[in-house]
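*Asks:* Following this message is one structure expressed as structure tokens.
The values are calculated or read from the model by the stated rules, or taken from the named source; none is laboratory data. Note that the structure is a prediction, hence the values are computed from the model and not measured. Cβ placement follows ideal geometry from the backbone for every residue including glycine, while neighbour counts extend to all protein chains displayed. All accessible areas refer to the heavy atoms of the entire protein, side chains included, with ligands and DNA or RNA removed. Shrake-Rupley method; radii C 1.70, N 1.55, O 1.52, S 1.80 Å.
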Amino acid sequence: MSRLGRALLGAFLLAALVDLGSLLAGADAGHLAAKPLLMPLLAAYAVTRGAPKPLIAALLCGWGGDVFLMSDADGAFLVGMGCFAAGHLCYLVLFGRRRSSPLLGLVYALALGGTVVALWPGLPADLRVPVAGYSLLLTAMAYRSSALGVMTGTGGALFLLSDTLIATGIAAWPQLPAPDFWVMLTYIAAQYLLTEGTLRTMYGERRTTS
């Protein structure tokens, strides 16, 4: 890893600590300052590692989603969800035709069906169909991420968990203490593991074919 890459990764981890610490402390200013920095720093780090374009695009779509979800403007939530959906499409392109376990696919399909059925009554009527469609795409991404190994697959699973926590909040389910902290903790870990797992798999493939 280059010196620039280490510096960018360190800056990403620092921004993550500031963001998470701000959420625990109830310091809105720290969260508002740190959250928009996370994905650009992670994307820049990935660039220094020679990351493929779909990975960079996925991270930048995540940055768009982060920014829109910070807004209270009408329609901002749907636009933010659209940004994340575009990011999941980029991840699916990245994973390509590599094989994933059919048994794991069944587990994810059952989890998707159970979650949508459970959340459906509590969701606002205008969000039910968009959330169901988004959940299908997110679950497909989480499942296919396992094709790049355990680290990447764990990242995909954590992304699914993070967005499920958001959905339970919208559906007015009982929440953990400091719910935004848990949403961001699982999201930050997800994006990092998806990135690092992809890069490690790529380097392994390059060594094998060189």
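*Asks:* With every protein chain in place, what's the accessible area of V47 (1.4 Å probe, Å², nearest 10)?
*Replies:* 90
*Asks:* Which helices count as membrane-span-like in the chain under these terms: full DSSP H, at least 20 Å along the axis by C-alpha, Kyte-Doolittle mean of 0.0 or more?
*Replies:* The answer, listed by residue number, is 3-25, 28-48, 53-69, 76-95, 102-119, 125-145, 150-170.
*Asks:* Taking the Cβ-Cβ separation of L32 and L110 as r and a Förster radius of 45 Å, what is the calculated FRET efficiency to the nearest 0.05?
*Replies:* Details: r = 38 Å, r/R0 = 0.84.
Working from the Cβ atoms, E equals 0.75.
*Asks:* Could I ask something else about it? Could you list, bin by bin from short to long, the percent of Cα-Cα pairs of the chain in 5 Å steps?
*Replies:* Going out from 0 Å in 5 Å bins, the chain shows 1, 7, 14, 20, 20, 16, 11, 6, 2, 1, 0 percent.
*Asks:* Same structure again: According to a simple spin-label model (label point 7 Å from Cα along Cα-to-Cβ), what is the distance in nm between M1 and Y203?
*Replies:* The two pseudo-label positions are separated by 0.9 nm.
*Asks:* Along the principal axes of its C-alpha atoms, what lengths does region 109-193 span, in descending order and rounded to whole Å?
*Replies:* Projected onto its principal axes, the Cα set of region 109-193 covers 37, 28, 18 Å.
*Asks:* As a test of understanding, state the convex hull volume per residue of region 50-152 from its alpha carbons, in Å³.
*Replies:* Given the Cα convex hull of region 50-152, per-residue volume reads 107 Å³.
*Asks:* Grab the other residues whose beta carbon is less than 14 angstrom from that of G105, score K and R as +1, D and E as -1, and report the net.
*Replies:* +3
*Asks:* Roughly how many percent of the accessible protein surface of region 87-196 is carbon and sulfur, given a 1.4 Å probe and a whole-percent answer?
*Replies:* Carbon-and-sulfur percentage of accessible area, whole number: 75.
*Asks:* Still on this structure: Could you do me a favour and compute the accessible area per residue for the chain, 1.4 Å probe, result in Å²?
*Replies:* 50
*Asks:* If you don't mind, another one. Grab the beta carbon distance between V67 and Q175, set R0 = 30 Å, and tell me the FRET efficiency rounded to 0.05.
*Replies:* Calculated value: 0.80.
*Asks:* Between the alpha-carbon centers of region 11-82 and region 155-170, tell me the distance in whole angstrom.
*Replies:* 16
*Asks:* Same structure again: Using unit Cβ charges (K, R positive; D, E negative) and no other charged atoms, how large, in debye to the nearest 20, is the dipole of the chain about its Cα centre?
*Replies:* 1140
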